[in-house]
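Quick note: the coordinates plus some simple rules give every number you see, no bench work behind them. Because the structure is predicted, anything quoted here is derived from the model rather than measured. Positions of Cβ are generated from backbone atoms using ideal geometry, with glycine treated the same way; all protein chains shown enter the neighbour counts.
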Amino acid sequence: MTLLDKISEDLKAAMKSGDKIRLETLRTVRAALLEKQVERRPHGGMTPEDEISVLISSSKKRKESISIFRENKREDLATQEEKELAIIEEYLPKQLSSVEIQDVVKRIVQSAGASSGKDFGKVMLLVMKELRGKADGKLIQETVKQVLGP
């Protein structure tokens with residue numbers, strides 16, 4: 001069962017239960033997935049990585065909105081976005097802790113032979129490839145900078 005199938009099933013369940021926030025959130029995510037599917041059709045179809053990237057994008061949008069709403073003292077809208085974010089995060093892979101991220105970064109730095117901040121781009125590419133969807137990009141970036149040093 002693909003992620004799109006799972007979301008479609010959960011969408012039906014949300015309709016039956018009358019959970020409006022879940023229903024609207026899943027509709028939005030499903031629409032984004034269908035759009036990505038059409039976009040990827042000429043390239044052999046949508047991969048699980050494409051599905052995760054759609055969820056990550058939706059998650060980032062919610063996080064940015066929460067921040068903006070809080071800055072503008074719109075707690076009601078921030079709360080709504082937090083609920084939507086929680087629903088989206090149910091479909092993302094389990095997020096790694098900062099200690100787990102640091103372990104992965106150290107392993108990759110060692111295997112890549114990186115020794116300074118000059119290797120940042122190379123290390124980030126390798127780390128993001130391994131941790132895509134499993135950790136926040138900003139946290140990964142901070143960890144790589146910390147491990148590589150100046």
*How high is the relative contact order of the stretch 1-67, in percent, counting Cα pairs under 8 Å that sit 6 or more residues apart?*
31
*Starting from the Cα gyration tensor of the stretch 98-148, multiply each eigenvalue by 5, take the square root, and state the resulting semi-axes largest first in whole Å.*
15, 10, 10
*Compute the FRET efficiency between Arg27 and Ser115 as 1/(1 + (r/R0)^6), taking r as their Cβ-Cβ distance and R0 = 35 Å, and round to the nearest 0.05.*
0.10
*Subtracting the Cα-Cα distance from 0.36 nm times the residue separation, let me have the gained length for Glu89 to Thr2 in nm, one decimal.*
29.7 nm
*asked:* Test of understanding: ordering Ile88, Ile52, Ile21 by Cβ neighbours within 10 Å, fewest first, what list do you get?
replied: Ile21, Ile52, Ile88
_Using 0.36 nm times the number of residues separating Ile56 and Arg40, minus their current alpha carbon distance, what extension gain do you get?_
4.0 nm
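What do the square roots of 5 times the Cα gyration tensor eigenvalues come to for the chain, in whole Å, largest first, as semi-axes of the equivalent ellipsoid? Spell out each step's value before the answer.
Working: eigenvalues 210, 86, 31 Å².
So the three semi-axes of the chain are 32, 21, 12 Å.
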*Report the charge-dipole magnitude of the stretch 98-148 in Debye, nearest 20, computed about the Cα centre from +1 at each Lys and Arg Cβ and -1 at each Asp and Glu Cβ.*
140
_Using DSSP to call loops (not H, G, I, E or B), can you name the GluC sites (Glu not before Pro) in the stretch 60-150 whose Cβ has at most 15 other Cβ atoms within 10 angstrom?_
Glu90
